[in-house]
Amino acid sequence: MADLGNLFDVDNDDDGDDGRRRSDDYDERYGDGDADAKSSGPAEIPAVLAAAAAERRRRLDEGAGREEEDYRASSAAGDEGDEDDDGDGRNYDPEYEQLKALWTSEIACPELLPHDAETVAHVAEVLEKQEDVVEELLRRSRQQRQSREPTGELASLVAQITKMDLDRTRFMLVDMARTRMAKIENHALHNRTMLDRMTEEEKSYLRQYGELLEKHLRRTVLNQLPKEAWKKLDEPEMIDSPDLEQFVFCRVLETVNIDVTSEPNVLNDDQGDDENEDDFGDNLQEHQVGSCLVVMYKKIMDLVLEGKVELLM
């Protein structure tokens with residue numbers, strides 16, 4: 001029986017001798033690599049790689065400097081932009097704020113105020129442009145959803161927010177027009193003397209409404225009265241007019257003096273009426289910018305028309 005262990009030993013010895021012989025031949029032909037590595041010391045970085053690394057560091061330093069400058073510029077721009085904010089984080093829009101002031105004053109004022117055609121026309125034009133933007137966003141959103149792009153949801157969200165802002169602005173325009181129509185109807189005869197505060201459409205509406213009202217009153221009341229009697233109904237004291245003695249809330253935009261002679265003065269309740277009538281200076285009060293008051297409308301009527309006082313709700 002063959003000795004397998006001895007056979008393995010012989011094979012291993014032969015392989016070892018052959019390996020040593022091949023190693024000696026390689027060393028003679030190419031030299032001893034370990035000796036060269038030990039004698040040459042640590043490997044040096046090629047000059048090209050060193051130059052590339054230096055250039056990369058230089059670009060990173062320049063990029064960091066530009067980022068710092070951009071950050072400072074954006075911070076400065078943000079500080080300047082904060083001055084245009086209205087306190088709620090939104091940018092100040094002068095046209096929108098003007099429309100809001102007109103709407104608020106019209107609701108709070110007992111009489112018809114002058115119509116600001118320029119502001120209303122500008123806001124209406126902006127609304128038309130924004131409606132086109134909303135339609136474009138919705139169309140883009142549908143296309144992106146069909147192609148299964150994730151940005152379709154973002155376009156739909158922007159369209160909804162823009163439409164919500166348009167609806168809010170449109171509500172102010174419609175409600176202001178509705179309020180003016182109600183004032184025209186409630187004091188139709190009185191408003192005949194205030195045509196300069198109306199638009200052409202409002203004048204036409206007043207004329208048509210007045211004709212219908214006159215026909216109705218003639219058929220139901222005036223035809224039953226003597227002619228001498230109903231002619232007196234057109235006298236000034238018989239015409240229904242706005243209550244100008246109504247108290248309103250207001251804010252002072254410019255320093256003004258308000259005469260409160262006919263209003264009750266709580267500071268002079270203990271004094272006689274003669275003293276109040278003689279002491280006119282006590283009833284002429286100065287109010288600084290930003291002051292909020294509750295005052296009789298007829299006392300600030302001219303100031304409201306001049307833009308020195310604005311009405312509040």
Where a residue in region 103-125 is basic (K, R) and its partner, wherever it lies, is open to solvent by 20 Å² or more (accessible area, probe 1.4 Å), with Cβ under 9 Å and at least six apart: none
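This table checks each residue for (1) modelled with pLDDT under 55; (2) touching a Phe, Trp or Tyr at 6+ places or on another chain (Cβ under 7 Å); (3) among the charged types (D, E, K, R).
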| position | (1), (2), (3) |
| --- | --- |
| G89 | yes, no, no |
| K100 | no, no, yes |
| V123 | no, no, no |
| V126 | no, no, no |
Segments classed as helices (runs of 4 or more DSSP H), wholly inside region 140-235, with at least 3 members that are at pLDDT 90 or above: 151-186, 200-220
Single residue of region 204-213 satisfying the filter (of a type outside the set (A, V, I, L, M) and either surrounded by 11 or more Cβ atoms within 10 Å (Cβ to Cβ) or within 34 Å of the chain's Cα centre (by Cα) (or both)) that is farthest from D243 (Cα to Cα): S204
Filter result (exposed (fewer than 14 other Cβ atoms within 10 Å of the Cβ), over 20 Å from Y96 (Cα atoms) and among the charged types (D, E, K, R)) within region 130-148: E135, E136, R139, R142, R148
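For every residue, the table says whether it meets (1) closer than 19 Å to H115 by Cα; (2) out of contact with any Asp or Glu (no Cβ under 9 Å at 6 or more places or on another chain).
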position: S156; (1), (2): no, yes
position: A159; (1), (2): no, no
position: L166; (1), (2): no, no
position: F171; (1), (2): yes, yes
position: R178; (1), (2): yes, yes
position: I184; (1), (2): yes, no
position: H187; (1), (2): yes, no
position: R192; (1), (2): yes, yes
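The rows are residues; the columns are (1) of a type in the set (V, I, T); (2) under 20 Å from the mean Cα position of the chain (by Cα); (3) open to solvent by less than 100 Å² (accessible area, probe 1.4 Å); (4) within 19 Å of E95 (Cβ to Cβ).
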residue: A155; (1), (2), (3), (4): no, yes, yes, no
residue: K163; (1), (2), (3), (4): no, yes, no, yes
residue: R180; (1), (2), (3), (4): no, no, yes, no
residue: L189; (1), (2), (3), (4): no, no, yes, no
residue: M194; (1), (2), (3), (4): no, no, yes, no
residue: R197; (1), (2), (3), (4): no, no, yes, no
residue: E202; (1), (2), (3), (4): no, no, yes, no
Residue within region 107-116 that is at pLDDT 90 or above, open to solvent by less than 60 Å² (accessible area, probe 1.4 Å), part of a helix (DSSP H, G or I) and within 30 Å of T179 (Cα to Cα) present: yes
Residue tally, condition touching a residue at least 12 places away in the same chain (Cβ under 8 Å), of a type in the set (S, T, Y) and more than 17 Å from E125 (Cα to Cα), over region 160-205: 3
Residue match in region 274-297 (condition: of a type in the set (D, E), within 24 Å of A108 (Cβ to Cβ) and modelled with pLDDT under 85): no
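The values are calculated or read from the model by the stated rules, or taken from the named source; none is laboratory data. Fair warning: this is a prediction, and the values are worked out from it, not measured in the lab. No Cβ is skipped: glycine too gets one built from the backbone with ideal geometry, and neighbour counts run over all protein chains shown. For the accessible areas, the whole protein counts, side chains as well, though only heavy atoms, and no ligand, DNA or RNA atoms are used. Shrake-Rupley method; radii C 1.70, N 1.55, O 1.52, S 1.80 Å.
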